[in-house]
Amino acid sequence: MILSGISTAAPSVAMFMKAQERHPSVPRAGPGMWKKYQKEQERTMKKDQQQKPAKNVDEYIAAVPEEFRPVLEKLRRTIRAAAPMAEEVISYQIPTFRFHGPLVHFAAFKSHCSFYGVSKPVMDRFSSELKPWDTSGTTIHFSAKNPLPASLVKKIVKARIEENEARAKSTETH
């Protein structure tokens, strides 16, 4: 909707000011900065709208930056080997493996990849082995230059299988 030449779908000045407070990389307001920021946001929104979500994991991997494809393919093979019974789907617009509920997810971004272990207790269990990577909650950030070792991925996936099976059994008995 456009009112007086200003799109109501575009970010507001308040959003711009809040972004400046939270993120030091957002440029400080000055002459023309708001318009520059607004145009960049509109370009980003248009680009995001043009990209259709992947329907399957093959499409997802084909759409990620080329440097990450071999790493994600290896991660996918490792997860499949550790959990051959898991269903491979796209959930939350990222590759997901399900077995009695969500097992693990992975994703690629502009400058890194993420592996989602879904469970904080599992992440805590492997915290010493995860020290070479940035972690946050149940997320492990890695790069093409510093990928996760297959042995660690297998351990995490197997631990998640155990958790999901135990949860499935406990809900069956109740």
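The values are calculated or read from the model by the stated rules, or taken from the named source; none is laboratory data. All of these numbers come straight from a predicted model, not from anything done at the bench. Because the Cβ atoms are built from the backbone with ideal geometry, glycine has one as well, and the counts that use them run over all protein chains shown.
Key figures
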{"read-out": "Residue match in segment 141-155 (condition: surrounded by 11 or more Cβ atoms within 10 Å (Cβ to Cβ), at pLDDT 95 or above, of a type in the set (Lys, Arg) and touching a Gly at 6+ places or on another chain (Cβ under 9 Å))", "value": "no"}
{"read-out": "Residue tally, condition touching a residue at least 60 places away in the same chain (Cβ under 8 Å) and hydrophobic (A, V, I, L, M, F, W, C), over segment 143-174", "value": "7"}
{"read-out": "Conditions (1) among the polar types (S, T, N, Q); (2) in contact with a His (Cβ under 7 Å, 6 or more places away or on another chain); (3) without any contact (Cβ under 8 Å) to a residue 12 or more places away in the chain; number of the one not met by residue 128", "value": "(2)"}
{"read-out": "Hey, residue 78 hydroxyl-bearing (Ser, Thr, Tyr), modelled with pLDDT under 95 and farther than 25 Å from residue 52 by Cα or not", "value": "no"}
